[in-house]
Amino acid sequence: MNEDTPYLRNHWSMVVSSILKVLLALAFIIVIAVANGMPAEILPYYALFISLILALVVVWNIIIWKKTRYYFLDDEIVVLRDTVFRKELRIQYERLASVNVQRDFICRILGTAKLAFNLNSNVNVSQAEAFIVLKEEDAEVLRKDVYKRMFQASNGTVGTDDGTDVPDTDSEVMIQPQYAGAGVTPLEDAEPLVHISTFDIFLHSIIGMPSIQALFGVLMAIYSIVTFFMQGAISILPLVILIAEFVLPAVGTFIRYYGYRLVRVGDTVSVSSGLFSTRSDSFKLSKVNFVRVREPLFCRLAGRAILEAEVVGTANENGIPLLCPTKKKDIVMGLFHDLLPEFECNEVHEKQSKTSLATIGLYMAVYLSILAVITYLISSLNLGVWGILLYIAVVILVVYIAVWGFLAYRNYSLAMDEDILKIVTGAYDRSVNYVLFDKIQYATVRSSPLQRRHGDGRCKVSMLSSRGFTEILSGVFKAEVLEKISATVMARIRDGRYDFRRYQ
Amino acid sequence: MVEENGQTVPDIQELSDFRTLNPLSKNAMYLGNLIVLAIPVAITVALGLYLKSYTDFRFLAMLALAAIVVVYELVSPPIFYKYYRYRMDDDCIEVRSGVIFRAHTLVPVERIHQVEVKKGPILRKYGLATVTMTTAGGTVSLEYLDEPIAEEIAQHLNEKIIKMLKARQ
C-alpha cells in the first residue's frame, strides 16, 4: 500500500448527517436555555459560543471526512484515519462475519447507503468494526466485491465478474475488477429460499412477539373498548400501554421486515428487508453461532414457527437475527434442514427431572402470592361493577400461572449428539436452541440444595451472540448428564475434532 | 514448589489437582461483607429515625430484610471457603463454588481471550488477588487466590494464549 494505491472515501452526506445531529442537539440546548428565561445581555455571548461549537464541529467533520481513507486490498480492508491521532485498522476478508447495507432516512433522501463490516467478536456486536457511506449503487457494487473476496478467502475459489466493478466516476473511487471467469450466481439473481408474503410479515409482527406481550396488548384493547362503551370515554392509561407495548412494536417489526428476502449462494446467505430504511445482511454460514426455532404461543396455535440464527452484526433493533419470519412449521423446518443441516440433532430428548417441580412450584407460589397481595389491595377500594372484572382477571391469571407451571415442566428438554447440543426452553413461548459444541465458550452446572440431594442441576451455556454474549439456561436434569456438555467441549478440543479454521 | 518473596508458589503442574483457598480469604470476605452490611443497616436506622416508631410495619419489614442480609453475610464466608475449589491443567480451568447454590464451571483455555489480575485494597491487605478470564461468552473469575498463585496462573494463561494465537497465524 503506497500513495498510488487506489482508495475510497466516505460520501459527503456523512458530514451533513453528523452536522445535522449536532445541530439538533444544539437547537435543543438553545430551546431549554430560552425557555428557562436566559437574560438578554448573556444571549449574544451564548449565541457566539454555540456558533463556535458548530464551526468546530463542521471543521472537525470535514477533516475526518477528508483524512479517512478506505483501501480495499487483495487480502484485507485498511481504514486509515490520519487526523491528530493516526489510526490504521486492518480487517482481513476471511475474518469478516457479515456485511450489511443500511439505509436510514437521510441516506434515502440523499441516495446513499451505509456499508458495515462486522467481525465475529463480542467487541463488535453492537457496533460494526468499520463502515463506509457511499452512493447507493457504489455501495451495492462494493458489497458484491467484498462478498466475493470473503467467498474467495474462505473457499480458495474465484467468483464471477457479474458486472460488479465499481464505476470509475471519481478518481478516488477505484476498486479493481478481479473476479473474471467462473460461475457463481450473484446474490440478487438467486432464487429466494422461501417465499415470504406481506401477510406473513403482518402475522409475524403480531404473533411473533412474546405471548405475554401480545396477551397484554389484547387485554388493554378489550379494556379500552369496554370502558368506551360503559363510560362513553376512552381511558388514557390502557390506551398508552396498548400503543407502547403492542402497536408500536408490531408496526416496527412490520416496517423492519417488510419485503423480506432470503437467498443463498454457495456458503453465503443474504437477508434483506425494510419498508422505509432498508437493510441487507450477507454472512457466511460458518459464522452462525447457534440456531433457534422459536414458537411463541400464538404462533404454535397457528402451527407456525420462526427460524433465527445468531450471527454477529445481524441483530436488528430488537436483537433478533432472523432467518425466516413466521411460516408453517414444516416449511421452517424444511428451510432449517436445507440451510443448516450441520445443526440438526436427532437424538432422543432427555426429560426434566421430577425435582424441577419444586423449582416450578416455588415460582408459582411467588407469582400467586404477588397476585393475592395485589388483588387484596385493589379489592379494598370501592370498585362497583369493576369488581366483577377484577375477579374475572384474577381467575384468568390463576389459570395462566397453573398452565405456565405445566408447560414449564413439559417443555424443557435436552438432547445431544457428538456435535450438537439441543436445549428446549420456555413455557408458553417455546424455543428450541441448536448449539454446536465448538461454539460453546464455557458451561456452568448449578444446583440448589434440593437438586443436589437428588443429583440434579441446571446448566448455563455461555456463547458469543449478536448482542454481546448470550446464556441459555437448561431445565433441571441429572448433573452427570449436564456435566457431559463441558466434557464434550473439552474432548473435541483435545482430540482435534474442534478446528478453529472451520469457523473462519 | 518455588520460593517467591518469602511465599511458596506451586508449579503449574501442582495446580492440576483441586486446591482450596488460603484461610486468610475468609478475613477478606468478612471485611468486604462488612462494607456491604453497612448499607442495609444504615437504611434501617435511617428509616427508624424517619418514622420515629420501631413498631411501624415498614420499619419491621426493613429490619427483617436487614437481619437476613446480616445473617447471610456473616455465615457465608466459611461456607464459601469450605466449598471453593479450583484446578487448572494444560487446557482447562475448573472452579467449584457457591454458598446456597453450588456451581461447577469448566473453561477451556482455548476460549480465553484475555486474562486480568485484580487486587482491590481489601485483597491487597491480605496478599490476595482475583484472576478474571474473558471469553467471547462472558467472564469467569478465580477469586481470593494468593497473589503469587494468581500471577503464576495469569502468566501461564497469557503464555498459552500468545502461543495459540501465533500457531493460528
Next item on the list: Being touching an Asp or Glu at 6+ places or on another chain (Cβ under 9 Å) and assigned to a helix (DSSP H, G or I) is the filter; apply it to the stretch A:454-486 and report the residue that is nearest to the other protein chains (Cβ to nearest Cβ).
Entry: A:Ser486
Next item on the list: Determine whether A:Val22 is in the same structural domain as A:Glu140 (by TED's automatic domain parsing), touching a Leu at 6+ places or on another chain (Cβ under 8 Å) and not in a helix (DSSP H, G or I).
Entry: no
Note to self: Tell me the residue from A:Ser431, A:Ser466, A:Ser413, A:Ser486 that is at pLDDT below 90 and touching a strand residue (DSSP E or B) at 6+ places or on another chain (Cβ under 8 Å), please.
What the structure shows: A:Ser466
Margin query: Condition first: away from chain B (no Cβ under 14 Å) and either modelled with pLDDT of 90 or more or in contact with a Cys (Cβ under 9 Å, 6 or more places away or on another chain) (or both). Can you find one or more residues in the stretch A:443-453 that meet it?
Written below: no
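I'd like to verify a number: residues in the stretch A:340-357 that are basic (Lys, Arg) and in contact with a strand residue (DSSP E or B) (Cβ under 7 Å, 6 or more places away or on another chain), how many?
Step one: list which residues in the stretch A:340-357 are basic (Lys, Arg), which gives A:351, A:354.
If we keep only those that are in contact with a strand residue (DSSP E or B) (Cβ under 7 Å, 6 or more places away or on another chain) too, we end up with A:351.
The total comes to 1.
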Checklist line | Wholly within the stretch A:400-453, strands (runs of 3 or more DSSP E) carrying at least 3 residues that are in contact with a helix residue (DSSP H, G or I) (Cβ under 8 Å, 6 or more places away or on another chain) | finding: A:420-425, A:430-436, A:440-447
Item checked: the stretch A:237-274, residues that are among the small types (Gly, Ala, Ser) and under 22 Å from A:Ser211 (Cα atoms) -> A:Ala244, A:Ala250, A:Gly252
Next item on the list: Inspect all residues belonging to the stretch B:86-99 and state whether any of them is at the interface with chain A (Cβ under 9 Å from one of its Cβ atoms), touching a residue at least 40 places away in the same chain (Cβ under 8 Å), within 30 Å of B:Glu14 (Cβ to Cβ) and of a type in the set (Asp, Glu).
Entry: yes
Next item on the list: Hey, can you tell me all the residues within the stretch B:58-85 that are of a type in the set (A, V, I, L, M), more than 22 Å from B:Thr130 (Cα to Cα) and away from every other protein chain (no Cβ under 14 Å)?
Entry: B:Leu60, B:Met62, B:Leu63, B:Ala64, B:Leu65, B:Ala66, B:Ala67, B:Ile68, B:Val69, B:Val70, B:Val71
Note to self: Just to verify a result, which residue in the stretch A:407-442, among those that are within 14 Å of chain B (Cβ to nearest Cβ) and of a type in the set (Phe, Trp, Tyr), is surrounded by the most Cβ atoms within 10 Å (Cβ to Cβ)?
What the structure shows: A:Tyr442
Check: Could you count how many residues in the stretch B:111-169 are within 17 Å of B:Asp90 (Cα to Cα), part of a helix (DSSP H, G or I) and within 11 Å of another protein chain (Cβ to nearest Cβ)?
Finding: 4
Checklist line | Odd one out for A:Gly252 among (1) buried (at least 17 other Cβ atoms within 10 Å of the Cβ); (2) touching an Asp or Glu at 6+ places or on another chain (Cβ under 9 Å); (3) within 16 Å of A:Ile206 (Cα to Cα) | finding: (1)
Note to self: Could you check the stretch B:78-91 and list, in sequence order, the residues that are crowded, with 20+ Cβ neighbours inside 10 Å and assigned to a strand (DSSP E or B)?
What the structure shows: B:Tyr86, B:Met88
Checklist line | Selection from the stretch A:65-111 of residues that are under 25 Å from A:Thr5 (Cβ atoms), of a type in the set (A, V, I, L, M, F, W, C) and buried (at least 16 other Cβ atoms within 10 Å of the Cβ) | finding: A:Trp65, A:Phe72, A:Ile77, A:Val78, A:Val79, A:Leu80, A:Ile91, A:Leu96, A:Val99, A:Val101
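The values are calculated or read from the model by the stated rules, or taken from the named source; none is laboratory data. It should be emphasised that the depicted structure is a prediction, and the values quoted were computed from it without experimental measurement. As a convention, Cβ positions derive from the backbone with ideal geometry for all residues, glycine included, and neighbour counts pool all protein chains shown.
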